[in-house]
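J.: Got a structure for you, questions after.
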Amino acid sequence: MPIIKSAKKRVRVANKAAIRNSKTKRSLKTAVKALSKMLSTKDKNAGTALSKVQSELDRAAKKGVMHKNKAARKKAQAARNAKAAGVSAVSSKAAKPKAATKPAKASVKKAVTKKPTAKKTAAKKPTAK
């Protein structure tokens, strides 16, 4: 057990980080297992499961639980497996219905006038004596 105050704090911080990391890893493993199960049973919701896996991988890479290249590799593997099973990823834009959008207002550009810059006086050269 540490005696120094800063070492005690490091233990507390490390424990918090370990809990946070284990939650991220657990949600990632759950998503990957759900995807593999859906792909093996040829479930219709496999596309949403694929996007969930990709999202969890991105989150793990962002939080530093997994290296970004490893996350990219795992995403590619998941996409390859899904494609082999005949499933395509559902994009978040396609999944959400579009709400009625208002027409964009015409932007009015104002003429930008620049102020003339003040001229600096030339520095005097020192005279040689």
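Throughout, read-outs are computed from the coordinates displayed, never taken from laboratory work. Small disclaimer: the values here were computed from a predicted structure and weren't measured. Positions of Cβ are generated from backbone atoms using ideal geometry, with glycine treated the same way; all protein chains shown enter the neighbour counts.
J.: Could you tally up the Lys pairs in segment 1-46 with alpha carbons closer than 22 Å? Skip any pair fewer than 8 positions apart unless they're on separate chains.
T.: Summing the qualifying lysine pairs gives 14.
J.: Ordered by packing density, taken as the mean number of other Cβ atoms within 10 Å over each peptide's residues, highest first, how do 51-62, 28-39 rank?
T.: My ranking of the peptides, most packed first, is 51-62, 28-39.
J.: Regarding segment 5-93, what are the three Cα extents along the principal axes, ordered largest first, in Å?
T.: 57, 23, 22
J.: Once you keep just the Cα pairs under 8 angstrom separated by 6 or more residues, what percentage relative contact order results for segment 1-90?
T.: Taking the mean separation of contacting Cα pairs over the length of segment 1-90, I get 28 percent.
J.: Right, something else. Mind listing the phi-derived Karplus ³J(HN,Hα) values for segment 59-73, rounded to whole Hz, using 6.51, -1.76 and 1.60 with θ = phi - 60°, and x for any glycine or proline?
T.: Calculated HN-Hα couplings, in order: 5, 5, 5, 5, 7, x, 6, 9, 5, 4, 5, 5, 5, 5, 5 Hz.
J.: Same structure again: Under the Karplus relation 6.51 cos²θ - 1.76 cosθ + 1.60, θ = phi - 60°, what is the ordered set of whole-Hz ³J(HN,Hα) values for segment 120-126, x standing for Gly and Pro?
T.: 8, 6, 5, 6, 6, 7, x
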